[in-house]
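So the structure is just underneath, and the comments pick up after that.
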Amino acid sequence: MGVDYYPEHWERTMWEQDANLMRETGVSLVRVAEFAWSRLEPEEGGYDFSWLDDAIDVFDRQGIKVVIGTPTCTPPNWLVNRFPDVLPVDAVLHPRYPGIRGHRCYNSPSMRLYAERIVEKLARHYSNHPAVIGWQVDNEFSLNECHCESCNKQFRRWLSNKYGSLDAINEAWGTVVWSGEYSSWDQITTPLGGTAYKNPSYLLDYKRFETDSVVEFQQLQVNILRRYCPEHFVTHNIWSYPMSLDYYKLCETLDFASLDYYPNTSPEKAVSSGYSGALTLDLTRGIKRSPFWIMETISGPPGCWFPMWRTPHPGLIRAYAWQCISRGADALVHFRWRSAPIGAEQFWHGLIDHSNVPGRRFEEYRVLCEEVNRLSEVLGGSVVLSEAAVLHSHDLYNAFGIQPQVEGMHYFDHLKLYHRALTKLGIVADVVNMTEDLGGYRMIIAPSLFLTDQSLADHLETCVKNGATLILTARSGVKNMNNVCWMSPLPGPLADVAGTTVAEYDPVGNDIHAIRTKSGKTYSCSQWCDILEPAGAETIAWYEDDFFAGKAAATVRELGKGKVYYLGTIAEESFYLDLFREVVREAGVNRLPGLPEGVQISVRSKGTTLYMFIMNLTRKRQIVSIGGEFSSLLLRKTVGPELDLDPYGVEIVKMEQ
């Protein structure tokens, strides 16, 4: 259990008081300094770590460990004034001036030089401090889409390394369209002007280049930290989903991923926020397919450059903390210890308000710390147990963003739809990169594989033949990985696997249509309608209206030991609840049936022992059947077969496999 703390914001007399209260509360970790460059290096080459030394020593005396954030998210004014190339440049070549964090170009020679210097000084200085255990590189990386001369030069270098020649670029991108062919390297620039009417293959490669620029900038720091602090971990705090930046690449060389997670506190989102959060947490666990850290999470109502949210309802902070742990978090760092009286984040509230008097939220946090610390040894070393997978890709997200397919159709919303249905059914799922090895999963949902190559199709086919159930959806197999359309019937390389092809499609957008299943039940659908021609697959749903009434809307094919479903439209949620319920029964996927709306489960395993977390992420009392009597870790007594959960109530039960 940890908190984010900024000693430079407080009088020194408060440090000792805060550290004492942290220890008494059960806090054993603080993150510091990720925004403190101007205090660590007040002028060029003039380093002052004495204040941070004193603060870390205060925490050390209380037995509190420290994670240091490298301060490269906030270049100080002296740096941007002396070296204007530090500032990113927008698509119309206007620099983005300081005044908020993140004002730096990842490819700026000056930025890289001074970032390396401050990180090396910090790494050397704190490499042997007993309280320092790890590093967070920068803060919440994103694509800043800079168009400065340094980025243009690096973009050309990146393209040369990838393609080797202009002829290869012209061929891969199809630049013959609209006379876009390149005859000289200096004709290639970043996407200037801001217009959307550009070659989609070029735009997708620019997104990939931007990710690689962030990765390269981060790796400069990682290399330094590894050299001088080999015993420390190195991580980075990603900022939620969806995101253009490829987190799989970003976190590849890190020890583990970390997430900044802020559940929505609005009453009208009291239920939906829990499902969206579950997807975010499962995505984060899937980055490295291993446990992760929460480096920031909600402590009070957020708000600053936007109106404040509602304050967390009683129990929300505790319940969402346990949701994080249940889905793979091994540490929770709450943002922040105390609300800031100064700066841009004055109303992004901490555990203690501006009054400096611990209140209701702080007492809830104190209880949470006691519970987590008491169960830490029991749960330590356990991992999330899942038999189903949902595939995800930043390339797919970017490709759909570059060319929106139809009004109301969004790639990430599809992930939410399918993942929410699994969660409501009591099924624990991994969310993993579509390029990962998927062997061992009983159920694989592959939403809209818009970009597909033969190797992915072959891997999915192998998984199915070995016994997996694969679910493919509309807008799959449309393009190759260069964002160029396949010249073959949809779903392209996946047609043989699916046993069906798309005779025609209708981008129906927000128009509502209907499908009918074999059982005679009807469901509404919208966004997209693939009119299917089965070729070895069996039809399981038909369209009910329009010119394609009576045509196949969904199919299933038996292949080897498994099955392949192809869903040609986007249906209402109840369709997926009914379909997935049947699929998991046939595939032998474990689940906890009968969960009330807003109640979630997750399972962590350790040896032969399972720990099932049951969380009521709603504002009302809920009754949950858990199918037997089990030992409660929180109550330290036997509970079940039914649980009576208060609003935001949590239970953890122990069972043997």
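Here are some notes:
- Reciprocal of mean inverse Cα separation for segment 143-264 (Kirkwood radius, Å): 16.5
- Simple Cβ-charge dipole of the chain, Lys/Arg +1 and Asp/Glu -1, about Cα centre, in debye nearest 20: 1020
- In plain terms, the chain from GLU116 to GLU538 could stretch by 145.9 nm, reckoned as 0.36 nm per residue minus the Cα-Cα distance.
- Sequence-separation-based contact order of segment 396-457, relative, with Cα cut under 8 Å and 6+ spacing, percent: 41
- Segment 197-223 residues near the modelled ILE188 label - backbone nitrogen below 20 Å, point 7 Å along Cα→Cβ: 197-217
- Distance distribution note for segment 388-587: the fraction of Cα pairs above 32 angstrom is 6%.
- Rg to Rh quotient for segment 33-255, alpha carbon positions, Kirkwood Rh: 1.03
- Sites ASP54 and THR638 - FRET efficiency at Förster radius 51 Å, r taken between beta-carbons, to 0.05: 0.50
- Annotation for segment 152-206: chymotrypsin sites (Phe, Trp or Tyr not before Pro) lying in DSSP loop with at most 12 further Cβ atoms inside 10 Å of their Cβ are TYR197.
- Linear extension gain, SER38 paired with THR253, 0.36 nm per residue minus alpha-carbon span: 74.6 nm
- Calculated FRET efficiency for the pair PHE547/SER290, C-beta based, R₀ 56 Å, to 0.05: 0.65
- Positive end of the dipole of the chain (Cβ unit charges, origin at the Cα centre): among GLY134, SER272, ILE427, the Cα lying farthest that way belongs to ILE427.
- Burial order of peptide ranges 255-261, 33-39, 628-634 (average beta-carbon count within 10 Å, highest first): 255-261, 33-39, 628-634
- For segment 592-640, the fraction of alpha-carbon pairs lying more than 11 Å apart is 72 percent, rounded to a whole number.
- LEU204, LEU643, LEU532 arranged by Cβ crowding within 10 Å, fewest neighbours leading: LEU643, LEU204, LEU532
- Placing unit charges on each Cβ (+1 for Lys and Arg, -1 for Asp and Glu) gives the chain a dipole about its Cα centre, and among TRP178, VAL89, TYR505 the Cα reaching farthest toward its positive end belongs to TYR505.
- Beta bridges per DSSP with both ends in the chain, % antiparallel, nearest 5: 55
- Rounded to the nearest 20, the Cβ-based charge dipole of segment 388-587 about its Cα centre (Lys and Arg +1, Asp and Glu -1) stands at 560 debye.
- Normalising the average separation of contacting C-alpha pairs (under 8 angstrom, six or more residues apart) by the number of residues puts the relative contact order of the chain at 10 percent.
- The alpha carbons of segment 1-43 give a radius of gyration and a Dmax of 11.8, 38 Å, in that order.
- Close amide H partners of TYR648, meaning residues 5 or more places away or on another chain with modelled amide H under 5 Å apart, are THR618, LYS620.
- Just so you know, the Rg over Rh for segment 495-602 is 1.00, from Cα atoms, with Rh as the Kirkwood radius.
- Estimated dipole of segment 4-163 in Debye, rounded to 20 [Cβ of Lys and Arg +1, of Asp and Glu -1, Cα centre]: 780
- Percent RCO, i.e. relative contact order, over segment 92-248, from Cα pairs under 8 Å lying at least 6 residues apart: 42
- Farthest towards the positive end of the charge dipole of the chain, among the residues ALA468, SER602, MET409, is the Cα of SER602, using unit charges on the Cβ of Lys, Arg, Asp and Glu.
- Here segment 214-230 and segment 320-371 have alpha carbon centers that stand 30 Å from each other.
- Filter on LYS288/LYS563; LYS288/LYS465; LYS153/LYS207 - keep pairs with C-alpha separation over 22 Å: LYS288/LYS563; LYS288/LYS465
- As a rough footprinting exposure proxy, the listed residues MET1, MET295, MET443 were ranked by other beta carbons within 10 Å of their own, and the order from fewest upward is MET1, MET443, MET295.
- Å³ per residue enclosed by the Cα convex hull of the chain: 161
- Computing FRET efficiency as 1/(1 + (r/R0)^6) for GLN454 and ALA196, where r is the C-beta to C-beta distance and R0 is 41 Å, gives about 0.85.
- 10 °C / 1.306 mPa s Stokes-Einstein diffusion coefficient of segment 1-85, Kirkwood radius on C-alpha pairs, µm²/s: 116
Bear in mind that the values in this text are calculations on the coordinates, not laboratory data. Just so you know, these numbers come straight off a predicted model, no measurement behind them. Quick reminder, even Gly has a Cβ in these numbers, built from the backbone with ideal geometry, and neighbours come from all protein chains shown.
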